[in-house]
Amino acid sequence: MSDTLGELSAVELSAAIRRKEVSAREALTEHLERIAGINPVVNAVVTLDAEGAHALAHRADQLTASGAELPPLHGIPMTHKDTNNTAGMRTTQGSLALRDFIPDADDLIIARLKAAGVVSTGKSNVPEFGAGSHTFNELFGTTTNPYAPTLSAGGSSGGVAAVVASRVQSIGDGSDMGGSLRIPASFCNVVGFRPSTAVIPMPSDVNAYAWLGRTGPMARTVEDIALFMSVTAGKDPRVPHPAGLDPEVFRSTLETDLRGVRIGWSRDFGIGVPVDPEIVDHLERQLAIFEDLGAIVEEATPDFSEADLVFGNTRALDFAAGLGPILERAGDVIKPEVHWNVEKGFALTARDVIETAAARTRLELSVQDFFGRYDLFASPCAQVLPFDATLRYPADIAGTASETYLDWMRSACLLSATGLPVLSVPAGFSSAGLPIGLQLASNHFKDMQLLRYGRAFEQQTGYAAVAPVVSAGHKPLTTVSA
């Protein structure tokens, strides 16, 4: 079994540990060996605590031997996204300003993963403060794509995507404001899930009512996404949100019947969003899979005409609130894209805030009109294929020049503005062998139904089973162009 541990899903590895076919220490050894093998190439793991992880795995094996009831993720080794605080383990957010920061407490998502039995081993790379969908920073360098190690792994959960794709671990935690779980999933041929608002609560001392950013999972199977959600979802008294989902929802069956399911597809979100033609052509061929399962696929979209405004202003406010104080004390070492977003937030007027709220209301009315007629919205996840990792961001998208570092992320940002749950699933490969993801969205708090639709597609394709070939001959990338 040791030769195939890296290929096992979290569900499969957990079952093997429970049956005592493999120990937590053996799983950890395989995990650490794969980090040693692939990290010199893709530069995904930036902090590693092998000694602490061995102690955790040893305690996990003692618990297995005791005959006690075992938690759902018992013995599963996992690095964590470096924007998620880990008690006693360096959390830098990819910034020189926090290079020595060691939190006293875990973020809620990390605490729940640990309670579920995860063996924490280290941290994975991110763009500075999670800003942007390309993973590079001045502290640790650039994370590259396991399928093409000179190209971008996406971001901001690029380190997570790279280790999951490389079979270092089966599952990982990430976060998503403007596509940070979905775009790296698309680039690295894995599954990324942005849950509905507060399904995984995000306690905050700055704004407990914030809604744009989410934490969530990345994995190679939808089944593992559901497992992750089953141990991290659930209300927290520090987050005053009236909705949410009981974690039991994610323990229900993933089986579904797509006969009669109505899917609205859009290649450009109805507002002319530029997308690489190869991506669009490929995804439109993939839609036949849903039709073969009995679904009805039509060209249809909510009205996204004001979604850029909603996303841009809300993101700017959140950046100003969360990162403004850090820029005041350490702005000279923080990248210009963060400065731009924070300054935009502070420049917003009361009129801007009022107009943003009104635009968000109209966007929600359009979304509900759409879901009155359709069960699912399908769209391109990324507008471009994985690009040269020495770039800060693509200079153009399908011939349209990029004005800001966010322009090539609009395919994800527009859906973030709706607040909907969104799933990226592997949908095949380009003519050059680069991964392409399909983005699926359902109505608010229909998270489990969305996972069912994604799994139905996954079962017919099996694209995520195509592993990358990471060669020791590739050289790691440490810099991006100015």
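Grab the beta carbon distance between L391 and E328, set R0 = 41 Å, and tell me the FRET efficiency rounded to 0.05.
Approximately 0.85, to the nearest 0.05.
State the extension gain, in nm to one decimal, for the chain segment bounded by S252 and A87, taking 0.36 nm per residue of separation less the distance between their alpha-carbons.
So the extension gain works out to 56.2 nm.
In whole percent, and with a 1.4 Å probe on the protein chains, what portion of the accessible area of segment 262-376 is carbon and sulfur?
Within segment 262-376, the accessible surface is 53 percent carbon and sulfur.
Once the dipole of the chain is set up with Lys and Arg at +1 and Asp and Glu at -1 on Cβ about the Cα centre, which of I354, Q286, F140 lies farthest towards its positive end?
Checking the options against the dipole of the chain, the answer is F140.
Express in Å², to the nearest 10, the accessible area of K344 obtained by rolling a 1.4 Å probe over the protein heavy atoms while all chains stay in place.
The accessible area of K344 comes to roughly 70 Å².
If I stretch the segment between E21 and R362 completely, what's the gain in nm (0.36 nm per residue apart, minus their alpha carbon distance), one decimal?
So the extension gain works out to 117.3 nm.
Which helices, counted as full DSSP H runs in the chain, have an axial Cα extent of no less than 27 Å and a Kyte-Doolittle average of -0.5 or above?
TM-like helix candidates: 307-330, 350-371.
Could you tell me the distance between the Cα centroids of segment 249-275 and segment 391-442, to the nearest Å?
First find each Cα centre; the distance between them is then 16 Å.
Report, in deg cm²/dmol and to the nearest 500, the calculated mean residue ellipticity at 222 nm for the chain, where each DSSP H run with n ≥ 4 adds -39500 (n - 2.57) and the sum is divided by the residue count.
Value at 222 nm, helices only: -12000 deg cm²/dmol.
Quick check: Cα centre of segment 339-376 to Cα centre of segment 159-175, how many Å?
31
Assuming 0.36 nm per residue, please report the length gained on full extension of the stretch W211 to A347 beyond their Cα-Cα distance.
46.9 nm
Quick one: net charge of V310's neighbours, Cβ under 13 Å, K/R +1, D/E -1?
Residues close to V310 contribute a combined charge of -3.
Please list F429, F187 from largest to smallest accessible area, probe radius 1.4 Å, with all protein chains kept in place.
Sorted descending by solvent-accessible area, the residues read F429, F187.
Carbon and sulfur: what percent of segment 159-218's accessible surface (1.4 Å probe)?
50
Determine how large the accessible area of D100 is when every protein chain is in place; take a 1.4 Å probe and give Å² rounded to the nearest 10.
130
If you place +1 on the Cβ of every Lys and Arg, -1 on the Cβ of every Asp and Glu, and leave all else neutral, what size is the dipole of segment 1-131 about its Cα centre, to the nearest 20 Debye?
160
How far apart, in nm, are the 7 Å Cα→Cβ label points at E33 and E7?
Calculated label separation equals 1.5 nm.
What order, most packed first, do the peptides 297-306, 113-122 have when packing is the mean number of other Cβ atoms within 10 Å of each residue?
113-122, 297-306
I want to check the label-to-label distance for A401 and T150. Put each point 7 Å from Cα in the C-beta direction and report it in nm to one decimal.
2.7
Give me the dipole magnitude in Debye, nearest 20, for the chain about the Cα centre, with unit charges on the beta carbon: positive for Lys and Arg, negative for Asp and Glu.
Roughly 620 debye, rounded to the nearest 20.
Hey, got the dipole for segment 359-482? About the Cα centre, +1 on K and R Cβ, -1 on D and E Cβ, debye to the nearest 20?
Roughly 180 debye, rounded to the nearest 20.
How many Å² of accessible area per residue for the chain, probe 1.4 Å?
So the chain comes to 37 Å² accessible per residue, rounded to a whole number.
Calculate the tail of P(r) for segment 254-368: the fraction of all Cα-Cα distances greater than 21 Å, expressed in %.
Of all Cα-Cα distances in segment 254-368, 59 percent exceed 21 Å.
Loop only per DSSP, at most 10 neighbouring Cβ atoms within 10 Å: give me the GluC sites (Glu not before Pro) in segment 1-96, ordered by residue number.
For GluC sites (Glu not before Pro) across segment 1-96 that sit outside H, G, I, E and B with at most 10 neighbouring Cβ atoms in 10 Å, the list reads E69.
Quick one: Cα convex hull volume of the chain, Å³ per residue?
Spread over its residues, the Cα hull of the chain gives 134 Å³ apiece.
The values are calculated or read from the model by the stated rules, or taken from the named source; none is laboratory data. Computed from a prediction, not measured in an experiment: that's the story for all the values here. Glycine also receives a Cβ, built like all others from the backbone with ideal geometry; neighbour counts cover every protein chain displayed. The area values use the complete protein model at the heavy-atom level, side chains included, leaving out ligands, DNA and RNA. Shrake-Rupley method; radii C 1.70, N 1.55, O 1.52, S 1.80 Å.
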